[in-house]
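Heads up, the thing below is written out as structure tokens.
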């Protein structure tokens, strides 16, 4: 390392974020009409128009080279812009800001130091995925842009965008975005067959008794066990539940007995079930309540559903009912009476099984291996690198540089269809191995002094044999 | 209404000349033979039993009124009683006194199946003294008291022979007491009190059957059910002493089903009749000329018929709404298989909780049989054990419903049924699999195949995927091959089948070549790329 040089951590945040549709203001003087949403809103109007105009121009320009796949990102010296066209002519642009992305390299001969911009630190795939996720999250709660246009034109759309993104952008923590955002996967809870079948039985019986319920999802400890929704819908709903809804409600649960934060006990000593969305206190007949509405895809379009999230201890069940039905207090009481006791029982069953399994399988065999696993087919992800994932923080136990390497390898994988294995020797004693086999990706980080390629290969094979012994990996 | 009769008289009764001024009819309970004695035997004695292919006829001298007449086993020795104190054997034979006992006896009853005689002793007659006959010996058993509803003062004979019957129920000897008035203040209806009479040890009151009415009753035992006939209403009730009643005191039983009459009977046109065929007439049921014998015999002396009473299971299905109780009832009956399968089919038109209950009930029995089979196999394999009796091979009763039965008679046609939601079809299949798993019964692969085929048929791929991910559908080679065959419809099946093959192959050491498996082009790249090492 050269003396006097400092390498600072980069911590990106959001410089700007805007949504536009060029067809809304095609003529001279009408440019402002194109802009549907712009953050930060206090920016001067002309600057907004300029920025939008630039993006439009870039996209148009690049279209001439590849009409089907226009530009996804723009790299300039100081920053990057990410483009995403979720629906025809609707564009979302995100410009992250990296506080310290430059390195001063001292020069010889007394010249002023050259500033090098750390362009390579930022991965397109990660922030490209973040933009997509922003849209998916909007769509989950509001339906498509097209739908808003049909219902109330540009006015309604801008209203909805403002209402949603104003809050959502505040929850974006770009500094903790990484490979997992590229995957947008779901963590599944490991469970033995008997308990799984009991849960299936429970879901089937509830859906039969309460025939209004169209779809059900079952989670335990922030991990998914069963989804009655199609994958793409479940994946964004899962992200919402685990990064927004559950954390919001778990803090009161963890609060002490006398804390004012403690959720009001429903007064029902027969079970521990309660509504996370909807009525907080069933006993109060005056209290008003409503359920959030979500949009999921059907064969030929979308349907709007009430989202009921009901929790008992660590088990959470999501029930989705057509939004055209009005959900009354009686219905909620019926659901509470039916689901509460059963879910409480199931939750303690699962807990018991989990404890038994852990005792059987012995002490954690994971800690020695740091890895990330993802299966494109069922979106199953597993990471021993990431700790508690909340809305505010996602800690990783490895150096960001290593995460960057993982991202690079992933980009490589994405470019070809064939199965691959890539081994990288990183700094000091770190080795990174990426394995791609038939829709599955596995990334392993090993820290071994003086290891060579063969030893590293053997280690990874061992990992596959122990952790993934029922998964077929091509060697 | 014919659908509701759950008791019937057998199709081919034993026919004999009906009782009249010249013909006396006697019934031997031990050999179940009917003796029609004409004119004291002078004009002929015809003996007919249910096992006899043809009747035995002979003559004997009319030496006075016959009080009792019986054959020994195989019709070898005839015994005739004409006076109250002597028995005549027409053929000269020698008799040897084996044992004698001196007791004051009011009356007696003899149970041929168990070779136990019951003597009524004491003035009131309610102290019963049993004796067991076994390999030429007579042994005294513990005497016991029958609780009388009213204690008479002064003491007199209060227990009649007509109110006591002995029968074997579920392999155990019971003494049944028809108690006409209950002692409890708030109930005046009759009940049947069962006393369990074990080989060794004390006799104890074991069950109380509530009749909820009064009048004249008769008892039979059919298929381990206590049948109580009520003359005035011309109906019968059945009780299963192994059914637990949740609302009643321990070992008190209500009738299993609502009272119904025995199935109406028309006397058959032809039959192995001794006398010329009688014209077909509807038979009068519950007539006062009926005599009831243990365990399951009804005789009409005035019409000349001996019937076996039988249980008809199909009508019970619609009479018992609680399907859990219905299953408990059916699983203990002899000819229950097809009825149980029909209950399963019927339950698939109902709600899931009932389906789950029905499956759990029958799998409990199935599991018990599998375990018995297994311990027998283990015992046989480990060789003859020292001293203990040879284990008997467990008998597979009709109540054992295995997966093949369910597949053939219930599930296969259920999955094809039109107008049923596909979610419900899958839910029922998964309920059966859950139940099998709960009883730790290995699920046969054809059931998993049925699940997969149904899921694929209805494009429920996201469900299929999740089931496979959690290994709910156990890994096996046949399933892996089935998944491979689905690849064209559902590409991810390729990955799933490879995983399953890997697990299945790991279990057995044989190699399997699957011709349809394409080898994927796999490249292994290795690069020693260094990251932005800032070392100089």
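The values are calculated or read from the model by the stated rules, or taken from the named source; none is laboratory data. On a predicted model such as this, the values are computed, not experimentally measured, just so you know. A quick note on method: Cβ atoms are made from the backbone with ideal geometry, for glycine too, and the neighbour counts reach across all protein chains shown.
For this structure, a couple of remarks:
- Filter result for residue B:253 (buried (at least 19 other Cβ atoms within 10 Å of the Cβ) and either modelled with pLDDT of 90 or more or over 28 Å from residue B:323 (Cβ atoms) (or both)): yes
- Annotation: of all residues in the stretch B:349-365 being in contact (Cβ under 8 Å) with a residue 60 or more places away in the chain and buried (at least 21 other Cβ atoms within 10 Å of the Cβ), the one that is farthest from residue A:199 (Cα to Cα) is B:363.
- Number of positions in the stretch A:417-434 that are at the interface with chain B (Cβ under 8 Å from one of its Cβ atoms) and touching a strand residue (DSSP E or B) at 6+ places or on another chain (Cβ under 9 Å): 9
- Failed criterion for residue B:517 (all others in (1) in contact with a helix residue (DSSP H, G or I) (Cβ under 8 Å, 6 or more places away or on another chain); (2) modelled with pLDDT under 85; (3) assigned by the TED database to the domain that holds residue B:447 hold): (3)
- Whichever residue in the stretch B:458-492 is assigned to a helix (DSSP H, G or I) and free of Cβ contacts under 8 Å to residues at least 12 places away in the same chain and, among such residues, is farthest from residue A:225 (Cα to Cα): B:462
- Of all residues making up the stretch B:55-82, the number that are within 31 Å of the chain's Cα centre (by Cα) and either at negative phi or in contact (Cβ under 8 Å) with a residue 40 or more places away in the chain (or both): 2
- Residues satisfying the stated conditions in the stretch B:273-301, i.e. modelled with pLDDT of 80 or more, over 24 Å from residue B:117 (Cβ atoms) and surrounded by 15 or more Cβ atoms within 10 Å (Cβ to Cβ): B:283, B:285, B:286, B:290, B:300, B:301
- Hey, residue B:443 outside any helix (DSSP H, G or I) and within 14 Å of chain A (Cβ to nearest Cβ) or not: yes
- The lone exception for residue B:427 - which of (1) modelled with pLDDT of 95 or more; (2) away from chain A (no Cβ under 14 Å); (3) in a helix (DSSP H, G or I) it fails: (2)
- Verdict on residue B:407 being in a helix (DSSP H, G or I) and either within 14 Å of chain A (Cβ to nearest Cβ) or farther than 22 Å from residue B:330 by Cβ (or both): no
- Filter pass, residue B:65 being part of a loop (DSSP other than H, G, I, E, B), closer than 30 Å to residue B:286 by Cβ, modelled with pLDDT of 90 or more and touching a strand residue (DSSP E or B) at 6+ places or on another chain (Cβ under 9 Å): no
- Qualifying residue in the stretch A:233-240 (condition: under 15 Å from residue A:307 (Cα atoms), within 11 Å of chain B (Cβ to nearest Cβ) and within 13 Å of the chain's Cα centre (by Cα)): yes
- Selection status of residue B:487, farther than 22 Å from residue A:198 by Cβ and within 14 Å of chain A (Cβ to nearest Cβ): yes
- Condition check for residue B:157: at pLDDT below 95, in a loop (DSSP other than H, G, I, E, B) and within 32 Å of the chain's Cα centre (by Cα): no
- Members of the stretch A:445-462 that are part of a strand (DSSP E or B) and within 14 Å of another protein chain (Cβ to nearest Cβ): A:445
- Among the residues of the stretch B:144-154, those that are surrounded by 15 or more Cβ atoms within 10 Å (Cβ to Cβ) and either at pLDDT 90 or above or outside any loop (DSSP other than H, G, I, E, B) (or both) comprise B:144, B:146.
- Candidate set: the stretch A:401-416, residues that are at the interface with another protein chain (Cβ under 10 Å from one of its Cβ atoms) and either over 26 Å from the mean Cα position of the chain (by Cα) or assigned to a helix (DSSP H, G or I) (or both); chosen: the one nearest to residue A:178 (Cα to Cα): A:404
A quick yes/no check of all residues on (1) modelled with pLDDT of 95 or more; (2) surrounded by 12 or more Cβ atoms within 10 Å (Cβ to Cβ); (3) away from every other protein chain (no Cβ under 14 Å):
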{"residue": "B:382", "(1), (2), (3)": "no, no, yes"}
{"residue": "B:386", "(1), (2), (3)": "no, no, yes"}
{"residue": "B:394", "(1), (2), (3)": "no, yes, yes"}
{"residue": "B:420", "(1), (2), (3)": "no, yes, no"}
{"residue": "B:431", "(1), (2), (3)": "yes, yes, no"}
{"residue": "B:439", "(1), (2), (3)": "yes, yes, no"}
